[in-house]
């Protein structure tokens, strides 16, 4: 997939990157910076990258967990992802590696394939692939 930023009013399209994943998210912040994240699949190890919408420059945030392209952002700037039956958290400002936060196997969840959180950060939606 190829990632573009499009301005609907001016009908201008700006190329961002190619070989990208499906997970595109606004990055929450306290400084009103306009950035969004996406997954870059160009390398053997996939990366979470960002785009600055004022300059259209890209930058590195973190490696994905085992090439998992499904993430969501929490209000505090942490990222949530999954692997099999577990959820993991990573805060780019404070963490050096992904931290396991829960195991959902007791609920019959063992292959999480999508993840999303509501704006209040108090409800998490998961898709469990069979």
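The values are calculated or read from the model by the stated rules, or taken from the named source; none is laboratory data. All figures in this text were calculated on a predicted structure; none of them were measured in a lab. Here Cβ is always computed from backbone atoms with ideal geometry, including for glycine, and neighbour counts include all displayed protein chains.
Summary table
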read-out: Residue in the range 31-39 that is surrounded by 12 or more Cβ atoms within 10 Å (Cβ to Cβ), under 12 Å from the mean Cα position of the chain (by Cα) and not in a strand (DSSP E or B) present; value: no
read-out: Leading residue by the ranking (nearest to residue 121 (Cα to Cα)) among those in the range 17-30 that are assigned to a strand (DSSP E or B) and at pLDDT 95 or above; value: 20
read-out: Selected residue [free of Cβ contacts under 8 Å to residues at least 12 places away in the same chain and out of contact with any strand residue (DSSP E or B) (no Cβ under 6 Å at 6 or more places or on another chain)] from 19, 7; value: 7
read-out: Those residues of the range 42-54 which are buried (at least 18 other Cβ atoms within 10 Å of the Cβ) and outside any strand (DSSP E or B), in sequence order; value: 46
